[in-house]
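Comments concern the structure below.
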Amino acid sequence: MSHQTLNLVDIAVDAGAIRLVDGVSLTLARGEVVALVGASGSGKSLTCAAALDALPAGTRRQGGQVWLDGAPIAPERLRGRVVASVLQNPRSAFNPVRTLGDHAEETLQALGMEKSCWKERIHRALREAGLDEPQRLLGLYPFEMSGGMLQRAMIALALASEAPFLFADEPTTDLDVIHQREILDLLAGLRERFGLGILLITHDMGVVARLADRVLVMDQGCVQESAPVEAIFRQPRHAVTRALVAAHLSLYPAQEITP
Ligand SMILES: Nc1ncnc2c1ncn2[C@@H]1O[C@H](COP(=O)(O)OP(=O)(O)OP(=O)(O)O)[C@@H](O)[C@H]1O
Ligand SMILES: [Mg+2]
């Protein structure tokens, strides 16, 4: 796929009279990982949701545009085709009474893909996401899968879409350390192999140090600082950035901080 650069321009979100996201802009290129960090409630998830026109009830996009390769693109053309997404809580993203196969069919149908290609495409995506035995897995219901399997399944559905960009909102929350590492290795591999551009929302500065090229720090609905990952750790400027880095270093003082 030829798309190379995605720009979120001046995204704003309100709930009633309250501004929750205020003029957030960012650039994401193919093959790049941009981390969006900040305290809980700072507006990270709403920024992504607004770009994809998938805001929760009670919130409204008040402005902003998304540009693809220098031209504006409507969110419905973006979603699934240009930008795949992995959500904060994998269990809530699946319908409990439908199998993984049902979800896969729904995803591929929504993309307008030829039905004769579905099976091959989804089997390949499941294997790429580290899930063996795709035929058996497609028959499983969400309650029959572990949190780690669901997270991989969500990544597999994103991969099956062959979108050039991925929004990953806390893709490793609720996972144990081993599964966290596996998912992060998977994302790093996808960037390498397919040149996926990844917008990664995370609380974990260890994950940022490991995966991100650039970091945007959000606070109270605004981007407060934006810098390459080395600068974020070595010369954090904003108080929120300093707090995030200090908290990380107090937990992992001996850890190598540069990727
Ligand atoms: N549906 C909603 N209606 C009203 N306010 C909302 C709604 N969803 C989120 N908010 C508010 O918007 C703000 C930003 O929420 P958002 O989910 O983007 O935060 P976040 O940075 O993703 O936090 P976290 O790290 O906890 O996921 C918060 O103050 C939240 O309370
Ligand atoms: Mg969030």
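Sub-7 Å Cβ pairs linking a first residue in segment 2-20 that is among the polar types (S, T, N, Q) to a second residue that is surrounded by 17 or more Cβ atoms within 10 Å (Cβ to Cβ) and outside any strand (DSSP E or B), at least 6 apart or interchain, are GLN4/ARG30, ordered by first then second residue. Scanning segment 26-62 for residues that are within 16 Å of ligand 1 (Cβ to nearest atom) and part of a strand (DSSP E or B) yields LEU26, VAL34, ALA35, LEU36, VAL37, GLY38, ARG60, ARG61, GLN62. Of all the residues in segment 36-60, those that are open to solvent by 50 Å² or more (accessible area, probe 1.4 Å) and at positive phi number 3.
Consider VAL215 carefully, then state whether it is in contact with a strand residue (DSSP E or B) (Cβ under 8 Å, 6 or more places away or on another chain) and more than 29 Å from SER92 (Cα to Cα). Don't jump to the end; show me each part of the working.
Numbers: in contact with a strand residue (DSSP E or B) (Cβ under 8 Å, 6 or more places away or on another chain): yes; more than 29 Å from SER92 (Cα to Cα): no.
Considered against the rule, which asks whether it is in contact with a strand residue (DSSP E or B) (Cβ under 8 Å, 6 or more places away or on another chain) and more than 29 Å from SER92 (Cα to Cα), VAL215 comes out as no.
Contact map, segment 221-242: residues that are part of a helix (DSSP H, G or I) paired with residues that are open to solvent by 50 Å² or more (accessible area, probe 1.4 Å), Cβ distance under 6 Å, separation 6+ or inter-chain. Pairs shown: VAL240/GLN224. Within segment 75-113, the residues that satisfy the criterion of being within 16 Å of ligand 1 (Cβ to nearest atom) and touching a Ser or Thr at 6+ places or on another chain (Cβ under 8 Å) are GLN88, ASN89.
I'd like the residue in segment 148-177 that is within 16 Å of ligand 1 (Cβ to nearest atom) and in a strand (DSSP E or B) and, out of all such residues, is nearest to GLU114 (Cα to Cα). The selected residue is PHE167. If I filter segment 189-200 for residues that are under 21 Å from the mean Cα position of the chain (by Cα), within 16 Å of ligand 1 (Cβ to nearest atom) and of a type in the set (Gly, Ala, Ser), do I get at least one hit? Checked against the condition, which is being under 21 Å from the mean Cα position of the chain (by Cα), within 16 Å of ligand 1 (Cβ to nearest atom) and of a type in the set (Gly, Ala, Ser), segment 189-200 yields no hits at all.
Residue pairs whose Cβ atoms lie under 9 Å apart, separated by 6 or more positions or on different chains, with the first residue in segment 199-215 and closer than 25 Å to THR5 by Cβ and the second among the hydroxyl-bearing types (Ser, Thr, Tyr) and part of a loop (DSSP other than H, G, I, E, B), are THR202/THR172; THR202/THR173; VAL207/THR172; VAL208/THR202; ALA209/THR258; LEU211/THR202; ALA212/THR202.
Could you tell me how many of the residues in segment 194-220 are in a helix (DSSP H, G or I) and closer than 17 Å to LEU157 by Cα? Looking only at that region, the number is 1.
The values are calculated or read from the model by the stated rules, or taken from the named source; none is laboratory data. Note that the structure is a prediction, hence the values are computed from the model and not measured. Note: ideal-geometry Cβ built from the backbone for every residue, glycine included; neighbour counts use all protein chains shown. Surface areas here come from the heavy atoms of the whole protein model, side chains and all, with no ligands, DNA or RNA. Shrake-Rupley method; radii C 1.70, N 1.55, O 1.52, S 1.80 Å.
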